[in-house]
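Only one structure is covered here, and it is reproduced in the block below.
Derivation of every value follows stated rules applied to the coordinates shown; laboratory data play no part. Predicted, not measured: the structure shown is a model, and the values here were computed from it. Backbone-built Cβ (ideal geometry, glycine too); neighbour counts: all protein chains shown.
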Amino acid sequence: MKVMWFAGMCHNAALRELTATVTEQKTINRELTATVTEQKTNIRALETRLRDAEKAAEQQKFILEELNKKNDEISNLTLGQVELRKENRDREIAFSASLMQSGSGHIGPFTTEITLTYRNVFTNIGNAYNPITGIFTAPLKGAYMFRISAYGHGGTAATAAIVKNGEHVVIAHDGQAQANDRSNSSNGVVLILEVGDVVYGIFNSISISVTHVQ
């Protein structure tokens, strides 16, 4: 009877120890499960952050590409503006001149048409006006504005005209009824000129002036 009781006691101790071990393993398993769950959560969070970072990187790349395009456009525009300004400078055409170097005087009257020559040139941008012949030659195709004025006195009519390629375009004329009368007349026109077209002023009056701007 004593031997059997001792065996029963040993069996119960082993059972309690095994139960404690199982309980401990369950606790460890729960902790491991919680750790794994936490790690999975962390991994998902990291994956989300990675995707967000990739999206941000793509957006930054897109923005950078757009900025580069804008910079290229600005650079091209700047170059284009420089070329346009240069072209416009090359296209600038204007002249200003007077009949006399200084003082005042009279020219005419004439009974035939005389080409007016302004020999005292103030400006001649583009060198389109020839002060020797009094002829303006269009170096470029475009719209040109010309204006002519005539003044006379002493009973003499003042007549001037703008001529293009040998044909009268506009005339400025004023007659005088009395010897002490003064006459003033002017006229202007915008002409579409081809390269090589010539324009000049003719007169049979006391004085005349021609002004050109493009």
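Assuming 0.36 nm per residue, please report the length gained on full extension of the stretch Thr112 to Lys40 beyond their Cα-Cα distance. Provide the component values of the computation, followed by the final result.
Details: separation 72, 0.36 × 72 = 25.92 nm, distance 10.90 nm.
The Thr112-Lys40 span can extend by a further 15.0 nm.
If we count other beta carbons within 10 Å of each Cβ, what is the order of Phe203, Phe122, Phe95, fewest first? Walk me through the intermediate numbers first.
Numbers: Phe203 25, Phe122 9, Phe95 21.
With the fewest neighbours first, Phe203, Phe122, Phe95 line up as Phe122, Phe95, Phe203.
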